[in-house]
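Student: Sharing a structure below in structure tokens format, with a few things to ask.
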Amino acid sequence: MHEARVLVVDDSAAMRALFSDLLDQTKNVVVVGTAASADEARKQIVELKPNVLTLDVEMPGMSGIDFLKEIMEDKPMPVVMLSSLTQAGTDTSLKAYELGAVECFPKPLKATPEQFAKTVGKLGKIVLAAANSNVKDASTRKRAAEAKVAAAAEAQFDWNGHVVALSASMGGIDALGDLLASWPAQCPPTIITLGLEPMVVDAFINRMSDQLPCTIKAATDGAALTPGTIHIAADPSCHALIEAGQPPKVRLVARDPVEGARPSATLLFGTMARAGVPAVGAVLTGMGEDGAKGLKLLRDAGAATFAQDPASATVGEAPAAAIAAGAVQTPLPLEGLAAAILGKCSTSGSFAG
């Protein structure tokens, strides 16, 4: 992992100073410069050669979103967008993900100095991961996803009784948007832990509801895992567990974080293994090691297990941890994962939506 050379772009001098000071305290993160506008940032990118940007959404002149679009069209590089957590902010975050932002991070505008320092401490880890991430061609990926949705809407899927369990965090909006585009109307029951801001996840669910032929919704306590529905667990106050039954059910439980994660993918996978549910599990792009131990339990219970190929993931830490733990039968690039997962859930053993 190479160090992050970050350019902080924000129209507020106070915010530039605060973010710079706190980011400089993160190991392997160096703030090489700051800019107050898109015009200044263009010059700094050429002169200072940063390998990651933090970019404010609201700036004078060209907005952060318009500047992100310019960057991704002219010379793509990792960008972490900073925005306030409002409804408008969540819509803007989804737009930023569509344009190719690695991550969208909420500005802690109403926080104590201690809370601010803790929050920006997380930003340091995100910036470091972003500097080591893979930047994708967002427009090409969007066109491919639209074609997959059209094909999936027409596809016939014969379910064999297996449930799909997935996990993702940083980079997860793009990865899941691509992967789930292949899910047919009568898709296998699917439960996903998504370690991102809940308001952004809610906006993502709403957007995907208008696009997918199947149903996608936030996970709720007691929800039955039945064909045709995707459940996304992103509430940071509780874990999503699996309860045995015909059909199995989702249980939302308020427990302490597991290895820093809540909801924990390791708990999700582990309880699915313990419930004896026929399953297929996969760890997608993300930071940290959440999911690795639980996916190993799922594999040991006889489930088919996958991981996104770390080299193809936006952030390869989580899938690499699963591979290192011996939890994965096959690492695959994102374009091959949908067919592999759905094939394991089909009576025919294959699926091409």
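The values are calculated or read from the model by the stated rules, or taken from the named source; none is laboratory data. In this text the structure is predicted, and so the values were computed from the model without any measurement. So basically every Cβ, Gly included, is an ideal-geometry build from the backbone, and we count neighbours across all protein chains shown. In case anyone asks, the SASA skips ligands and DNA or RNA and just uses the protein heavy atoms, side chains included. Shrake-Rupley method; radii C 1.70, N 1.55, O 1.52, S 1.80 Å.
Student: When residues of segment 302-353 are filtered for being hydroxyl-bearing (S, T, Y) and outside any loop (DSSP other than H, G, I, E, B), how many remain?
Tutor: Going through segment 302-353, the residues hydroxyl-bearing (S, T, Y) turn out to be 305, 312, 314, 330, 346-348, 350.
With outside any loop (DSSP other than H, G, I, E, B) added as a condition, the list becomes 305, 330, 346.
Counting residues in segment 302-353 that are hydroxyl-bearing (S, T, Y) and outside any loop (DSSP other than H, G, I, E, B) gives 3.
Student: Of the residues P263, P236, which single one is touching a Cys at 6+ places or on another chain (Cβ under 7 Å) and within 30 Å of V135 (Cα to Cα)? Give the derivation first.
Tutor: Values: P236 fails: touching a Cys at 6+ places or on another chain (Cβ under 7 Å).
Sole residue among the options that is touching a Cys at 6+ places or on another chain (Cβ under 7 Å) and within 30 Å of V135 (Cα to Cα): P263.
Student: Exactly one condition in (1) under 30 Å from L99 (Cβ atoms); (2) open to solvent by less than 10 Å² (accessible area, probe 1.4 Å) is not met by L298; state its number.
Tutor: (1)
Student: A further question follows. Could you count how many residues in segment 240-284 are out of contact with any Asp or Glu (no Cβ under 8 Å at 6 or more places or on another chain) and either over 22 Å from F306 (Cα atoms) or part of a loop (DSSP other than H, G, I, E, B) (or both)?
Tutor: 15
Student: Then there is this: All but one of (1) surrounded by fewer than 20 Cβ atoms within 10 Å (Cβ to Cβ); (2) over 23 Å from V80 (Cα atoms) hold for G288; state the number of the condition that does not hold.
Tutor: All conditions are met except number (2).
Student: Taking segment 29-86, which residues are of a type outside the set (A, V, I, L, M), touching an Asp or Glu at 6+ places or on another chain (Cβ under 8 Å) and under 9 Å from V9 (Cβ atoms)?
Tutor: Residues satisfying the conditions are T34, S37, T54, D56, G64.
Student: Of the conditions (1) closer than 19 Å to L180 by Cβ; (2) of a type in the set (K, R); (3) within 20 Å of the chain's Cα centre (by Cα), K344 clears all except one; give me its number.
Tutor: The single condition K344 does not satisfy is (3).
Student: Moving on. Mind counting the residues in segment 203-222 that are touching a Ser or Thr at 6+ places or on another chain (Cβ under 7 Å) and in contact (Cβ under 8 Å) with a residue 24 or more places away in the chain?
Tutor: 3
Student: If you don't mind, there's one more thing I want to ask. Pull up segment 101-120, narrow it to residues that are modelled with pLDDT of 70 or more and open to solvent by 10 Å² or more (accessible area, probe 1.4 Å), then point me to the one that is farthest from L176 (Cα to Cα). Break it down stepwise before answering.
Tutor: At the first step, the residues of segment 101-120 found to be modelled with pLDDT of 70 or more are 101-107, 114.
Narrowing further to those that are open to solvent by 10 Å² or more (accessible area, probe 1.4 Å): 103-107, 114.
Details: E103: 14, C104: 16, F105: 19, P106: 21, K107: 24, E114: 34 Å.
Among those residues, the one meeting the criterion is E114.
Student: Does segment 8-58 hold any residues that are touching a residue at least 12 places away in the same chain (Cβ under 8 Å), within 17 Å of F105 (Cβ to Cβ), open to solvent by 20 Å² or more (accessible area, probe 1.4 Å) and under 28 Å from the mean Cα position of the chain (by Cα), and which are they?
Tutor: Of everything in segment 8-58, those that are touching a residue at least 12 places away in the same chain (Cβ under 8 Å), within 17 Å of F105 (Cβ to Cβ), open to solvent by 20 Å² or more (accessible area, probe 1.4 Å) and under 28 Å from the mean Cα position of the chain (by Cα) turn out to be D11, M15, R16, L18, L22, Q25, T26, V31, T34, V57, E58.
Student: Right, here's the next one. Looking only at segment 156-187, how many residues end up being assigned to a loop (DSSP other than H, G, I, E, B), among the aliphatic types (A, V, I, L, M) and surrounded by 23 or more Cβ atoms within 10 Å (Cβ to Cβ)?
Tutor: Taking segment 156-187 and keeping what is assigned to a loop (DSSP other than H, G, I, E, B), we get 156-158, 160-162, 169-171, 183-187.
This time we only want the ones that are among the aliphatic types (A, V, I, L, M), so: 170, 185.
With surrounded by 23 or more Cβ atoms within 10 Å (Cβ to Cβ) added as a condition, the list becomes 170.
Result for segment 156-187: 1.
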